[in-house]
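**Q** Mind having a look at this structure? Questions to follow.
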Amino acid sequence: MAPKRRGGNAKKAAARVSHDKEWVSSLLAKMELNEMVEAGVLPDRVTVGWRPTDGGPYPMPHTDEIVVFEDYFWRGLGLPVHPFLRNLLEFWGVSLCNLHPNTILHISGFIHFCEVYLGILPHFNLFRHFF
């Protein structure tokens, strides 16, 4: 049996990359956000209190904020978000930007299933049972 090579593992080396390089600076300025408000996909600033990132190297939300991508709104995300989603994000300890679009679809489908079909408020234990 041949001895093992001591070459570096590409996956492990990629994991050591700084978190600063994982994000691309936001190009979305106040003007583009106002255009989204005019298009009707984003509520106005007074209603929900959004703020542009001003080109920061990575998202740095305040404790009462969440990071959301522009594409989420163009695909139908509305604000304010459902309390079940907020509680789920808090329980998992993640932000909305950490969720895959299919995860958001499952959560919204579950909320709709509970409220419309079952006629109950979404319940965390029932969500855990299904997913």
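**Q** Could you please rank Glu38, Glu65, placing first whichever residue has the fewest other Cβ atoms within 10 Å of its Cβ?
**A** Glu38, Glu65
**Q** Then there's this: If R0 is 22 Å, what FRET efficiency do you get for Ile104 and Met36 from their C-beta distance, rounded to 0.05?
**A** Calculated transfer efficiency: 0.75.
**Q** Hey, fewest Cβ within 10 Å first, where do Tyr117, Tyr72 land in order?
**A** Fewest-to-most Cβ neighbours within 10 Å comes out as Tyr117, Tyr72.
**Q** How do 118-127, 105-114 rank on mean C-beta neighbours within 10 Å, highest first?
**A** Top to bottom by mean Cβ count within 10 Å: 105-114, 118-127.
**Q** Something else: Could you please rank Thr103, Thr47, Thr53, Thr63, placing first whichever residue has the fewest other Cβ atoms within 10 Å of its Cβ? Can you show the working numbers first?
**A** On the way: Thr103 14, Thr47 11, Thr53 17, Thr63 4.
Ascending Cβ contact count within 10 Å gives the list Thr63, Thr47, Thr103, Thr53.
**Q** Can you tell me the FRET efficiency between Phe113 and Leu28 if r is taken as the Cβ-Cβ distance and R0 is 30 Å, rounded to the nearest 0.05? Show your work: numbers first, answer last.
**A** On the way: r = 33 Å, r/R0 = 1.10.
Once rounded, the FRET efficiency stands at 0.35.
Read-outs throughout are calculated quantities, based only on the coordinates presented, and are distinct from any laboratory measurement. Computed from a predicted model, the values in this text were never measured in an experiment. Heads up, the Cβs are rebuilt from the backbone with ideal geometry, glycines too, and the neighbour counts pull from every protein chain shown.
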